[in-house]
Amino acid sequence: MEDLSEAQQAELRADLLSLREELQRGLSLSSQGAQPVDLDEPIGRLSRMDAMQQQSMLKANRSAAQLRLQQVEGAVMRQREGEYGECQNCGENIGFPRLKARPEAPFCLACQGLREKRG
């Protein structure tokens with residue numbers, strides 16, 4: 001597989017920076033909703049259960065966004081160090097189509113597939 005061209009590197013860097021900003025903005029906006037549900041608030045039992053369920057889903061989404069933000073930060077660091085686009089497992093090139101779809105991807109498709117099979 002070929003190395004990334006300078007134009008591809010620049011395009012992916014812009015994608016990473018945009019994704020980082022989007023994730024940071026989303027985490028900032030969702031921080032209020034992640035606060036605990038006030039059990040003393042005078043709302044009905046079903047409304048309280050609904051609020052607790054929404055809070056639980058929001059926490060799960062925030063956790064996923066925080067993990068993805070860490071991966072983006074890692075990809076930005078690898079790009080600065082000249083290691084971006086190399087699989088962190090086997091060292092092979094990841095490939096532009098995969099990086100375009102998931103610019104923070106640390107693994108090639110083969111290694112990612114093995115990781116997912118292992119669970």
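Among the candidates 113, 82, the residue that is exposed (fewer than 12 other Cβ atoms within 10 Å of the Cβ) and not in a helix (DSSP H, G or I) is uniquely 82. With 12, 17 as the choices, which residue is under 19 Å from residue 105 (Cβ atoms), touching a Leu at 6+ places or on another chain (Cβ under 7 Å) and either modelled with pLDDT of 85 or more or outside any helix (DSSP H, G or I) (or both)? Testing whether each residue is under 19 Å from residue 105 (Cβ atoms), touching a Leu at 6+ places or on another chain (Cβ under 7 Å) and either modelled with pLDDT of 85 or more or outside any helix (DSSP H, G or I) (or both) leaves just 12. Scan the range 95-110 for residues that are surrounded by 13 or more Cβ atoms within 10 Å (Cβ to Cβ) and part of a helix (DSSP H, G or I) and the total you get is 5.
Only a single item in (1) over 25 Å from residue 113 (Cβ atoms); (2) at pLDDT below 95 is not met by residue 95, and it is number (1).
For the range 55-80, give me each residue that is more than 15 Å from residue 12 (Cα to Cα) and of a type outside the set (A, V, I, L, M, F, W, C). Hits for the range 55-80 are 55, 56, 59, 61, 62, 63, 66, 68, 70.
Can you pull out every residue in the range 85-94 that is of a type outside the set (Asp, Glu) and surrounded by fewer than 17 Cβ atoms within 10 Å (Cβ to Cβ)? Within the range 85-94, 88, 89, 90, 91, 93 qualify. Filtering the range 20-44 to residues that are of a type outside the set (Val, Ile, Thr), surrounded by 13 or more Cβ atoms within 10 Å (Cβ to Cβ) and modelled with pLDDT under 65 leaves 33, 34. Of all residues in the range 48-99, those that are in contact (Cβ under 8 Å) with a residue 12 or more places away in the chain and polar (S, T, N, Q) total 9.
The values are calculated or read from the model by the stated rules, or taken from the named source; none is laboratory data. Remember, predicted model here, so these are calculated numbers, not experimental data. For neighbour counting, all protein chains shown are included, and Cβ atoms are generated from backbone atoms with ideal geometry for every residue, glycine included.
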